[in-house]
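*Asks:* I have a structure here, written as structure tokens, and I will follow up with some questions on it.
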Amino acid sequence: MLTFTFYVMSCYQVIGPMANDSSMIFGTYTAHPDPRFVTTPVDGLSRLSDETRHAAGCDSSACGNYDSAAIKNAVQGAELVVVCLGLGTRSSCFQAFS
């Protein structure tokens with residue numbers, strides 16, 4: 001994890017299928033974390049800005065359905081855009097080997 005010094009901004013945009021899904025953000029690198037103790041990027045950044053917008057852009061990390069209009073709409077006017085991508089735990093490649 002990278003450490004950033006954030007300043008309170010008026011608008012953050014967090015995009016990606018893992019940005020607000022606590023069940024996917026750890027991928028297969030951890031046991032089953034208790035969701036009560038997990039903070040998603042959207043949750044964490046919303047504490048630092050007046051407005052935090054989220055658009056998944058894809059229905060899953062495999063990105064079977066991409067919604068470019070939602071991404072374009074969400075990033076307009078944002079001072080900072082954070083992209084949350086990865087393999088996750090529900091991608092087609094993991095399901096193929098299960």
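Read-outs: derived from the displayed coordinates by stated rules, not from any lab. Every value quoted in this text rests on a predicted model; they were computed, and no experiment measured them. In this analysis, Cβ positions are derived from the backbone assuming ideal geometry, glycine residues included, and neighbour counts consider all displayed protein chains.
*Asks:* Could you grab the pairs with beta carbons closer than 7 Å, sequence gap of 6+ or different chains, first residue in the stretch 38-58 and within 16 Å of LEU85 (Cα to Cα), second one surrounded by fewer than 18 Cβ atoms within 10 Å (Cβ to Cβ) and not hydrophobic (A, V, I, L, M, F, W, C)?
*Replies:* If the second residue must be surrounded by fewer than 18 Cβ atoms within 10 Å (Cβ to Cβ) and not hydrophobic (A, V, I, L, M, F, W, C), the pairs left are THR40/SER22; GLY57/TYR66; GLY57/ASP67; CYS58/ASN65; CYS58/TYR66.
*Asks:* Is it the case that ALA74 is among the small types (Gly, Ala, Ser), in a loop (DSSP other than H, G, I, E, B) and either at negative phi or touching a residue at least 60 places away in the same chain (Cβ under 8 Å) (or both)?
*Replies:* No.
*Asks:* A further question on this structure: Restricting to the stretch 14-31, what's the tally of residues that are loosely packed, with under 13 Cβ neighbours inside 10 Å and touching a Phe, Trp or Tyr at 6+ places or on another chain (Cβ under 9 Å)? Break it down into steps so the answer makes sense when it comes.
*Replies:* Initially, the stretch 14-31 is screened for residues loosely packed, with under 13 Cβ neighbours inside 10 Å, giving 28-31.
Checking the rest, the ones that are also touching a Phe, Trp or Tyr at 6+ places or on another chain (Cβ under 9 Å) come to 28.
So the answer is 1.
*Asks:* Of all residues in the stretch 35-51, count the ones that are part of a strand (DSSP E or B) and under 12 Å from the mean Cα position of the chain (by Cα). Break it down into steps so the answer makes sense when it comes.
*Replies:* Our first condition is that a residue be part of a strand (DSSP E or B); within the stretch 35-51, this holds for 49-51.
Subsequent filtering for residues that are under 12 Å from the mean Cα position of the chain (by Cα) retains none.
Result for the stretch 35-51: 0.
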